[in-house]
1. Select from segment 117-152 the residues that are among the small types (Gly, Ala, Ser) and at pLDDT 95 or above and list them in ascending order.
2. Name the one entry in Gly80, Gly106 that is under 26 Å from Ala343 (Cβ atoms) and under 27 Å from the mean Cα position of the chain (by Cα).
3. In this structure, is Leu66 at pLDDT 95 or above and not small (Gly, Ala, Ser)?
4. Testing Leu281 on (1) at pLDDT below 95; (2) buried (at least 19 other Cβ atoms within 10 Å of the Cβ); (3) part of a loop (DSSP other than H, G, I, E, B); (4) of a type outside the set (Ser, Thr, Tyr), one condition comes back false. Which one is that?
5. Could you tell me which residue of segment 297-319 is surrounded by the fewest Cβ atoms within 10 Å (Cβ to Cβ), considering only residues that are touching a Lys or Arg at 6+ places or on another chain (Cβ under 9 Å) and closer than 20 Å to Ser266 by Cβ?
6. One residue is enough: does segment 112-123 have a residue meeting the conditions touching a strand residue (DSSP E or B) at 6+ places or on another chain (Cβ under 7 Å), among the aromatic types (Phe, Trp, Tyr), open to solvent by 30 Å² or more (accessible area, probe 1.4 Å) and under 16 Å from Ile19 (Cβ atoms)?
7. Going by the conditions given, is Arg171 under 26 Å from Leu99 (Cβ atoms), in contact (Cβ under 8 Å) with a residue 12 or more places away in the chain and not hydrophobic (A, V, I, L, M, F, W, C)?
8. Mind checking which residues of segment 254-284 are over 20 Å from the mean Cα position of the chain (by Cα), of a type in the set (Ser, Thr, Tyr) and closer than 16 Å to Ala208 by Cα?
Amino acid sequence: MAEFGTPTVQQKTPEPGRIKSVTIEGFRSLKNIQHLELPQLTVLIGANGAGKSTLIRFFEMLSWMLKAKNLQEFVLRHGGGDDQFFMGARKTSRIHAELCLETASGYNDYRFDLAHISAGDSVMVMNEAYRYSAHDIPTKAKWTEIEGVGKESSLLEKKSKTAQTIVNLLRQCSTYQFHDTSINAAIHNRWDVTESFRLRSDGGNLAAVLLDLRNGDRKRYELIVKQIGRVLPTFKDFVLEEEAGKVLLRWVGQQSDKVFGSHLTSDGSLRLFCLLTLLNLPPDRLPDVMFFDEPELGLHPHAITLVAEMFKRLSKKRQIFIATQSPYLVDCFELENIIVATANNGETVLRNLPREHYQRWLDEEYQLSEIWLQQATGGVAWLGDKQAVKRVGALDAGRAE
């Protein structure tokens, strides 16, 4: 497994914070999520429409809210204020959220409410508060209330260390979704070579990032090329040529010297290029909290296994959230990583899977996906796999004994 490691580094950097738990009431389908514990590596699984992506959208909203006071822009882009409330603002009068962020020294808690503004179909931030509690203090400190209400958060204006810790962590929440590989996708464009420090959430500046790595971190670049070659045997190397300060994504194969542009590359291959590059970037070029929405889309099972190992490695440095429906991907992780999303009359229920409840099946060498796909965990039978359905039946029979 040494191949999955990053090239030797490096300078010591402070341990990043993490989101320890979250309470969400009234945001979209998240009607009543109470003190949900979030592992360092969280794998969200569930059927279509169960609400996996809704949790990701919540943290995306926080990033917009605290990055540059862009909450109203987020609301506008996502259907307006009424669409952010469970069953609409007439049914749900407020959105309430509480987050516990853990750092090396202690816990930084943040809470707020959102109310609907009919005029303009926007939202208003109110009842903001924050507090800090050291690890060695058993009781929680009192909340520091933030006076006033407004269309944007007032937390940014607070100079206390606790407020700044919360802002710095939540504003970094970044969602990566490399689904758009259509003819108009950003990844097909020439990209400014100076925008190369971080990979964009849609992978558009991939060529610029790869060129920067090739010029400044050759070992890391060669590792990415090698990993791609393991999954795509026809791939040899990227062809990255700067012209007038811009670079285009191109590559060459093993069989000939023909250069392929991104428009001649399969959707799955483009997504693989983006994922492997992102997951191999040095930690200082990554946000502290990273969200991935169905990263397995278009990937071969072998590629999924490779990417899963890289997720596990990276989670030692950064907090990772993965929303997936792939049994192959689920089976790469541990029970403690899993959060199951189920839908109940339009409401999303999110829950962890306690090991003591499922140890019997693990002892009998059932895969995590098989446990998920049986009714006891709120999953649905994967009808495309007769063997899985057969074993689901065996599980149900065992539970009835």
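1. Taking segment 117-152 and keeping what is among the small types (Gly, Ala, Ser), we get 118-120, 122, 129, 133-134, 141, 148, 150.
Scanning segment 117-152 gives Ser122, Ala129.
2. Working: Gly106 fails: under 26 Å from Ala343 (Cβ atoms).
Among Gly80, Gly106, only Gly80 is under 26 Å from Ala343 (Cβ atoms) and under 27 Å from the mean Cα position of the chain (by Cα).
3. On the way: at pLDDT 95 or above: no; not small (Gly, Ala, Ser): yes.
Spelling it out, it is not the case that Leu66 is at pLDDT 95 or above and not small (Gly, Ala, Ser).
4. For Leu281, the failing item is (1).
5. His302
6. Quick first cut of segment 112-123, residues touching a strand residue (DSSP E or B) at 6+ places or on another chain (Cβ under 7 Å) only: 112-117, 123.
In the following step, the residues that additionally are among the aromatic types (Phe, Trp, Tyr) were identified as 112.
Checking which are open to solvent by 30 Å² or more (accessible area, probe 1.4 Å) leaves us with none.
No, segment 112-123 contains no residue that is touching a strand residue (DSSP E or B) at 6+ places or on another chain (Cβ under 7 Å), among the aromatic types (Phe, Trp, Tyr), open to solvent by 30 Å² or more (accessible area, probe 1.4 Å) and under 16 Å from Ile19 (Cβ atoms).
7. Numbers: under 26 Å from Leu99 (Cβ atoms): yes; in contact (Cβ under 8 Å) with a residue 12 or more places away in the chain: yes; not hydrophobic (A, V, I, L, M, F, W, C): yes.
It is true that Arg171 is under 26 Å from Leu99 (Cβ atoms), in contact (Cβ under 8 Å) with a residue 12 or more places away in the chain and not hydrophobic (A, V, I, L, M, F, W, C).
8. As a first pass, look at segment 254-284 and keep what is over 20 Å from the mean Cα position of the chain (by Cα): 254-267, 269.
From the residues that got through so far, the ones that are of a type in the set (Ser, Thr, Tyr) too are 256, 262, 265-266, 269.
Within segment 254-284, Ser262 is the sole residue that qualifies.
The values are calculated or read from the model by the stated rules, or taken from the named source; none is laboratory data. From a predicted model like this one, the values you see are computed outputs, not experimental measurements. For neighbour counting, all protein chains shown are included, and Cβ atoms are generated from backbone atoms with ideal geometry for every residue, glycine included. The area values use the complete protein model at the heavy-atom level, side chains included, leaving out ligands, DNA and RNA. Shrake-Rupley method; radii C 1.70, N 1.55, O 1.52, S 1.80 Å.
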